Amino acid sequence: MKYPIRVLATLAMLLPLACSAQAHDGHLPLTDGVIKKLDLAAGNVTIAHGEIVNLKMPPMTMSFKARDPAMLKPWKEGDKVRFRSAEVKGALTVISIDAAK
Ligand SMILES: [Cu+2]
């Protein structure tokens with residue numbers, strides 16, 4: 001069976017969307033942010049963040065849950081970071097944090 005080129009082109013465009021929907025850690029987009037507050041005991045971090053594409057969220061300052069509270073240890077208030085975030089069991093969660101370059 002032959003598919004019209006238009007159908008093939010549409011499928012090719014949808015493929016990356018299907019991949020990002022799986023939300024593997026490495027595929028989550030990086031968001032720039034500044035750490036405003038750390039609460040290691042509660043495992044929460046407040047970040048002034050840029051647009052979060054995968055959460056359809058505009059820039060704002062808000063609190064996230066850390067996927068692992070230990071990942072908050074290296075950071076201090078005022079640090080510029082790039083992070084990945086996702087909704088995990090209904091909670092907006094920071095998946096990974098790296099230093100901003
Ligand atoms: Cu936000």
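Every number here is computed from the coordinates shown, using simple stated rules; none is lab data. Quantities reported herein were computed from a predicted structural model and do not represent experimental measurements. When we count neighbours, we look across all protein chains shown, and the Cβ atoms used for this are built from the backbone with ideal geometry, even at glycine.
Dipole size of segment 24-99 about its Cα centre, with +1 on Lys/Arg Cβ and -1 on Asp/Glu Cβ: approximately 100 debye, rounded to the nearest 20. Distance between the pseudo-spin-label points of E77 and A100 (7 Å out from Cα toward the beta carbon): 1.7 nm.
Taking a spot 7 Å from the Cα of N54 along the direction of its beta carbon, which residues of segment 28-47 have an amide N less than 11 Å from it? 28-31, by backbone N distance to the label point.
Couplings 3J(HN,Hα) for segment 90-101, derived from phi with the Karplus relation 6.51 cos²θ - 1.76 cosθ + 1.60 (θ = phi - 60°), are x, 10, 6, 10, 7, 8, 8, 9, 10, 5, 5, 9 Hz, where x marks Gly and Pro.
So for H27, H49, fewest C-beta neighbours within 10 Å to most, what's the order?
Details: H27 13, H49 24.
Ascending Cβ contact count within 10 Å gives the list H27, H49.
Spin-label model, D68 to V88: label points 7 Å out along the Cα-to-beta-carbon direction sit 1.0 nm apart.
Within 10 Å of each residue's Cβ, count the other Cβ atoms and sort S96, S85 from fewest upward.
Working: S96 17, S85 25.
If I rank by nearby Cβ atoms, fewest first, I get S96, S85.
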